[in-house]
Amino acid sequence: MPVFDLSQTPLRALNSALHGLSAGTNDTAFEVVNPRGHHAVAVGIDSPVTVEVRGSVGYYCAGMNDGGTVTVHGSAGPGVAENMMSGTVVIEGDASQYAGATGRGGLLVIKGNAASRCGISMKGIDIVVHGSIGHMSAFMGQSGHLVVLGDAGEALGDSLYEAKLFVRGTVKSLGADCIEKPLRPEHIEKLRELLDKAGVTDVQPEEFKRYGSARKLYNFNIDNAEAY
C-alpha cells in the first residue's frame, strides 16, 4: 500500500500517482497521513482505487471522483465530493458547505453534520447524512437522493426539480416549490438500500418524511401567462 505523508510529500505527488495508475497494477490502495487540512486531496480519481485519509482535509476533497472509494477519518472543508460521477466518499466527521454539490452519481456519506447548501444542484448523486444539515440544502436539486437522519435547516429544497429528499428529524422551513409528499413503498425500499450502503443499522425507513417538488416553478401554467 503506497503511503503519502503530506507533511513531507507535495500534494501534487499524491494526485499524480492517483491519476497515473498503469493498467493491471496492484497498487490500488493508498493511505494519506498528516493531511493537515490540505485542499483538493484525492481529486479527479478516475479508476477503482481506495484512499484512506488519516485526518481532516480542506476544500474540494475527492472532487470529480469517478469510481474511487475515499474515506476521510476526520472532517472535510467546503465542496467535498463536488461534481462526483461515481464511487463512494465517506466523511467520518463533519462536512462544511455545499457537500456533494453538482454531483452526478455515486454515494457520499457524512457521519457527522453537514453545513449549508448540502447537495446544491445535485444531478444524480446519493447523499446520506447521519447528523443534521444546514440551510438551503438541495437548492435546485435535479435528481438523486438526499437522506438526513437528523434535522434540516431553512429553505430545504428551494427551487427543487426532481431530486428526492428524506428527513428523519424536523425541517425548519421548506424552500420555494418544495412540499412534503407521501412515503410510498418504492421510496421505503430505496431508503432501506441507501441506509444499508451508508452503514445505518438502527434506523427504519418508515421513520422518514419525503419532500419533493410541487412542479409549479418549472412547468408553464396558462393561468399565470401574464406574469411571464
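Among the candidates Gly106, Gly141, the residue that is without any contact (Cβ under 8 Å) to a residue 40 or more places away in the chain and touching a Ser or Thr at 6+ places or on another chain (Cβ under 8 Å) is uniquely Gly141. For segment 144-167, does any single residue satisfy the condition of being of a type in the set (S, T, N, Q), over 13 Å from the mean Cα position of the chain (by Cα) and surrounded by fewer than 17 Cβ atoms within 10 Å (Cβ to Cβ)? Scanning segment 144-167 turns up no residue that is of a type in the set (S, T, N, Q), over 13 Å from the mean Cα position of the chain (by Cα) and surrounded by fewer than 17 Cβ atoms within 10 Å (Cβ to Cβ).
Is it true that Ser173 is surrounded by fewer than 22 Cβ atoms within 10 Å (Cβ to Cβ), among the polar types (S, T, N, Q) and in contact with a strand residue (DSSP E or B) (Cβ under 8 Å, 6 or more places away or on another chain)?
yes
Could you please let me know if Asp177 is at positive phi and among the acidic types (Asp, Glu)?
Working: at positive phi: yes; among the acidic types (Asp, Glu): yes.
For Asp177, the condition - at positive phi and among the acidic types (Asp, Glu) - is met.
Residue-by-condition table, conditions (1) surrounded by fewer than 23 Cβ atoms within 10 Å (Cβ to Cβ); (2) more than 13 Å from the chain's Cα centre (by Cα):
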site	(1), (2)
Val33	yes, yes
Gly44	yes, yes
Glu52	yes, yes
Tyr59	yes, yes
Met84	no, no
Thr102	yes, no
Leu108	no, no
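One residue stands out among those in segment 86-100 that are aliphatic (A, V, I, L, M) and closer than 17 Å to Ala152 by Cβ: the one that is surrounded by the most Cβ atoms within 10 Å (Cβ to Cβ), which is Ala99.
Identify, from the list Val89, Val41, Val53, Val72, the residue that is β-branched (Val, Ile, Thr) and over 29 Å from Met140 (Cβ atoms).
On the way: Val89 fails: over 29 Å from Met140 (Cβ atoms); Val41 fails: over 29 Å from Met140 (Cβ atoms); Val72 fails: over 29 Å from Met140 (Cβ atoms).
Result of the check over Val89, Val41, Val53, Val72: Val53.
In summary, strands (runs of 3 or more DSSP E) completely within segment 92-199 and bearing 2 or more residues that are within 17 Å of Gly212 (Cβ to Cβ) occur at 123-129, 143-148, 164-167, 178-181.
Please determine whether any residue of segment 43-63 is in contact (Cβ under 8 Å) with a residue 40 or more places away in the chain, out of contact with any helix residue (DSSP H, G or I) (no Cβ under 6 Å at 6 or more places or on another chain) and within 28 Å of Met122 (Cα to Cα). Reasoning before the result, please.
If we filter segment 43-63 for residues that are in contact (Cβ under 8 Å) with a residue 40 or more places away in the chain, which is where we start, we get 45.
So of that shortlist, the ones also out of contact with any helix residue (DSSP H, G or I) (no Cβ under 6 Å at 6 or more places or on another chain) come out as none.
No, segment 43-63 has no match at all.
Identify all residues within segment 65-77 that are closer than 12 Å to Gly44 by Cβ and surrounded by 20 or more Cβ atoms within 10 Å (Cβ to Cβ); write none if there are none.
Keep residues of segment 65-77 that are closer than 12 Å to Gly44 by Cβ, which gives 65-68, 70.
Hits for segment 65-77 are Asn65, Gly68, Val70.
Condition check for Met1 on (1) modelled with pLDDT of 95 or more; (2) exposed (fewer than 15 other Cβ atoms within 10 Å of the Cβ): one failure, at (1).
The values are calculated or read from the model by the stated rules, or taken from the named source; none is laboratory data. Source: prediction; values computed, not measured. Because the Cβ atoms are built from the backbone with ideal geometry, glycine has one as well, and the counts that use them run over all protein chains shown.
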